[in-house]
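The values are calculated or read from the model by the stated rules, or taken from the named source; none is laboratory data. Bear in mind that the values here come from a model prediction, so they are computed numbers and not experimental data. All Cβ positions, even for glycine, are placed from backbone atoms using ideal geometry, and neighbour counts span all protein chains on display. Just so you know, the surface numbers come from the protein's heavy atoms only, side chains and all, with ligands and any DNA or RNA stripped out. Shrake-Rupley method; radii C 1.70, N 1.55, O 1.52, S 1.80 Å.
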Amino acid sequence: KVTENAKNSLASLKRENPRLEPTLAIIQARNDQLIQEANKNFAKEIGLRVIHICLPEGSSKDEIVSEILRLNEDPNVQGLALDLPESLYSSKVLNAVKPEKDVDGLSSVNLGRLVHGDVYDCLVPPTVCAVMELLGDTGGKKVLLVGARGAEGAALQSMLQREGAAVLSCHWKSPQLQSELRHADAVVFGSVKPDDVPVSWVKPGATIIHCAHGLLSEKHNYGQQNNPAAEKTVGSLAVAMRMQNMVKNVERWIQSQQYRKWDLHCLKLQPLSPVPSDIEISRAQSPKAVDVLAKEIGLLTDEIEIYGQTKAKVRLSLLERLKDQPDGKYVLVAGITPTPLGEGKSTVTVGLVQALTAHLNINSFACLRQPSQGPTFGVKGGAAGGGYAQVIPMEEFNLHLTGDIHAITAANNLLAAAIDARILHENTQSDKSLYNRLVPVVNGVRGFSPIQLARLRRLGINKTDPETLTEEEISKFVRLDIDPSTITWQRVFQLTLIWFMILISTLQAQFDIAVASEIMAILALTTSLQDMKERLGKMVVANDQKGEPVTAEDLGVTGALAVLMKDAIKPTLMQTLEGTPVFVHAGPFANIAHGNSSVLADKIALKLVGEKGFVVTEAGFGADIGMEKFFNIKCRASGLVPSVVVLVATVRALKMHGGGPNVS
């Protein structure tokens with residue numbers, strides 16, 4: 001009956017979630033083939049996948065804990081059970097199991113919930129479930145627990161008391177054991193009965209339950225045939241109950257993967273008058289630990305990469321997990337043409353999400369651009385907001401953050417170096433020498449890489465064997481013939497707002513600010529690592545002598561650029577002064593690119609807030625470029641449609657652009 005119910009429940013879950021593959025991991029550190037086979041057979045019948053991790057019998061607690069911690073972080077494992085010698089069932093081992101994966105229900109968190117009566121919020125240990133099933137109605141009966149120790153003993157006592165039984169517990173050496181056995185209506189042996197305790201001591205007609213580990217046969221006989229007491233063992237019923245617990249765990253796991261209203265602990269503000277400086281306000285607030293914030297908004301442990309105490313990268317796997325969840329409302333904050341000091345778009349964005357989440361209890365997310373160090377150290381200053389509507393810590397936000405801009409700088413300048421190197425080598429080497437460098441002989445074999453095969457196809461050369469190319473084809477393959485006067489790819493630095501030139505031999509080089517790199521614009525528009533790689537490969541860096549475009553793909557550096565950007569593609573999670581979530585990701589300028597934060601940050605945030613939540617994103621510069629490019633470029637690339645536009649207008653900007661004096 002238990003197996004059939006579990007099987008039907010799991011089948012129903014699989015119908016609703018076709019890609020579901022529920023997996024139970026069992027750590028076994030004793031040589032017991034019988035219990036291993038029982039677990040496998042029951043799991044197979046129900047439709048569960050079981051992984052047995054068989055450790056040596058002499059394994060230490062530390063070795064077992066290490067294996068438990070590894071499985072705790074495995075996103076493909078929804079349940080974890082232990083089959084260990086009695087000596088290894090310590091609190092250290094049991095509490096190493098994550099409560100949400102604790103199929104055996106023996107961790108302190110699970111037991112605490114059980115003892116406090118939160119039966120629907122915990123899992124009852126399988127052995128205890130089996131005992132309760134075998135005992136039936138215990139209301140008003142006297143039940144004696146003998147040799148039932150530890151977590152299972154405590155759980156069994158709690159469950160029996162809840163069902164109205166009078167429960168007494170004693171050990172095998174107790175002097176009152178014989179007397180207690182004579183008066184008990186039911187006896188539960190929690191460990192193997194010693195030979196010097198005859199079954200004849202038990203009250204005739206009483207029920208005897210054997211639940212010691214390792215007793216899997218349905219009937220257990222101690223050689224006492226003349227006692228009419230009804231003897232039963234939990235045996236395979238306990239294994240079936242374990243699988244039933246696993247199915248319950250899978251159901252909870254599915255619910256945890258879905259949208260839920262945030263249980264967000266907001267930080268209190270204590271406004272002062274007069275209002276202190278932004279940096280003083282930022283430093284006066286103690287931010288939450290970022291892993292706490294991540295858990296509050298529904299992120300799983302394996303979906304974040306923590307950078308210090310207040311920043312974390314969010315992995316793109318989240319989009320796959322929540323792909324069936326409806327998006328929240330999409331809000332754009334833009335501004336009229338600003339003054340050089342900025343008009344407060346970021347402040348309005350942050351203030352809006354603080355109001356929605358901290359004061360109206362509505363899920364909301366701010367998505368901001370990462371500021372460039374040029375404006376930060378210039379007259380405009382940082383972009384973390386202002387006053388009591390800021391992203392904190394301000395210094396972390398405005399400076400290096402998680403190194404995304406540095407990664408863009410490295411990738412951009414790698415491509416610039418590749419251009420210089422290619423021109424140098426083509427000017428100084430023969431076709432044959434270039435071919436030997438590009439397609440070297442390794443262990444006596446010469447072979448094309450995938451990126452080289454793609455270049456051959458673009459050239460119309462449909463060959464895969466390097467030895468079959470003609471001299472003309474080799475020349476076409478190895479020579480890009482870049483025209484130095486057409487190079488459009490420039491090196492970048494973080495802190496340059498002016499263009500300046502240097503001479504390298506006969507080459508002329510220019511320098512831009514890092515966020516002006518085309519790679520920054522690509523980062524803001526990309527939807528996946530593969531999409532980013534394809535976009536990087538299509539970047540035109542120069543023309544050849546015939547006027548045809550030369551791309552990063554032609555130079556063969558696409559993979560290297562993608563590797564440098566593999567972490568930068570993940571949005572960075574931070575928080576506002578009131579502890580509400582913020583994504584900081586990408587920061588292209590609107591006067592040379594599209595001036596908006598990343599599509600990925602917006603998409604992830606829209607899933608996390610849920611259908612009734614709000615994502616407030618920001619368009620840089622004025623409405624005439626930032627907002628228009630949001631609609632005409634970003635929305636067309638992402639497919640997202642905004643619900644509301646908030647337009648920030650200030651008297652200061654209206655005066656300046658209406659013919660008034662410059663702002664000083």
Legend entry - Euclidean distance of C-alpha centroids, the stretch 149-197 and the stretch 337-366, integer Å: 63 Å
Inset, instruction - Give me the percent of the accessible area of the stretch 549-617 that comes from carbon and sulfur atoms, probe 1.4 Å, all protein chains in place. - result: 58 percent
Legend entry - Accessible area in square angstrom per residue, the stretch 1-245, 1.4 angstrom probe: 47 Å²
Inset, instruction - Jot down the per residue volume, in cubic angstrom and as a whole number, of the convex hull over the alpha-carbon atoms of the chain. - result: 222 Å³
Inset, instruction - Within the stretch 275-312, report the trypsin sites (Lys or Arg not before Pro) that DSSP leaves as loop and that have at most 11 other Cβ atoms within 10 Å. - result: none
Legend entry - Sequence-distant residues sharing a close amide H with C367 (under 5 Å, placed H): F583, V616, T617, E618
Legend entry - Loop sites in the stretch 507-582: trypsin sites (Lys or Arg not before Pro), DSSP, at most 10 other Cβ within 10 Å: K546
Inset, instruction - Find how much the distance from L529 to E73 grows on full extension, using 0.36 nm per residue of separation minus their present alpha carbon separation; answer in nm with one decimal. - result: 161.8 nm
Inset, instruction - Give a residue-ordered list of calculated ³J(HN,Hα) values for the stretch 573-581 (Karplus: 6.51 cos²θ - 1.76 cosθ + 1.60, θ = phi - 60°; whole Hz; x for Gly, Pro). - result: 8, 9, 9, 8, 4, 9, x, 8, x
Legend entry - Contour excess over end-to-end distance, with Cα ends at A454 and S66 and 0.36 nm allotted per residue: 135.1 nm
Inset, instruction - Give the cross-link partners of K203 among the lysines, using a straight C-alpha distance below 19 Å as the criterion and excluding same-chain residues fewer than 8 apart. - result: K141, K142, K173, K193, K232
Inset, instruction - With a ≥ b ≥ c taken as the square roots of the eigenvalues of the C-alpha gyration tensor of the stretch 25-109, please select rounded if a/c is under 1.5 and otherwise prolate if a/b is larger than b/c or oblate if it is not? - result: oblate
Inset, instruction - Under 19 Å Cα to Cα from K570, which lysines show up? Leave out anything in the same chain fewer than 8 places away. - result: K295, K311, K313, K323, K533, K603, K607, K634
Legend entry - Residues L272 and E305, FRET efficiency given R0 of 30 Å [Cβ-Cβ distance, rounded to 0.05]: 0.25
Legend entry - Distant-in-sequence amide H partners of D544 (H built 1.01 Å from N, under 5 Å): D483, V550
Inset, instruction - Report ³J(HN,Hα) in whole Hz for each residue of the stretch 3-9, in order, from the Karplus equation J = 6.51 cos²θ - 1.76 cosθ + 1.60 where θ = phi - 60°; Gly and Pro get x. - result: 4, 5, 4, 5, 4, 5, 5
Legend entry - For the stretch 517-563 versus the stretch 267-335, the gap between their alpha-carbon centres in whole angstrom: 32 Å
Inset, instruction - Would you calculate, for the chain, the mean residue ellipticity at 222 nm contributed by helices, counting each DSSP H stretch of 4 or more residues as -39,500 (n - 2.57) and dividing by all residues, to the nearest 500? - result: -10500 deg cm²/dmol
Legend entry - Fraction of antiparallel bridges per DSSP, the stretch 405-564 only, in percent to nearest 5: 75 percent
Legend entry - Accessible area per residue, Å², the stretch 405-564 with all protein chains present, probe 1.4 Å: 52 Å²
Legend entry - Estimated FRET transfer efficiency when R0 is 56 angstrom, pair K261-Q176 (beta carbons, to 0.05): 0.55
Inset, instruction - Tally the DSSP beta bridges in the stretch 1-245 and give the antiparallel ones as a percent, rounded to 5. - result: 0 percent
Inset, instruction - Provide the packing ranking of 188-201, 433-446, 118-131, 56-69, i.e. peptides ordered by the mean count of other C-beta atoms within 10 Å per residue, highest first. - result: 118-131, 188-201, 56-69, 433-446
Inset, instruction - Quick one: what are the phi-derived ³J(HN,Hα) couplings along the stretch 296-311, Karplus 6.51/-1.76/1.60 with θ = phi - 60°, whole Hz, x for glycine and proline? - result: 4, 9, x, 7, 8, 4, 7, 9, 10, 10, 7, 10, x, 8, 10, 9
Legend entry - Efficiency of FRET between A417 and T470 - r from beta-carbon atoms, R0 30 angstrom, step 0.05: 0.45
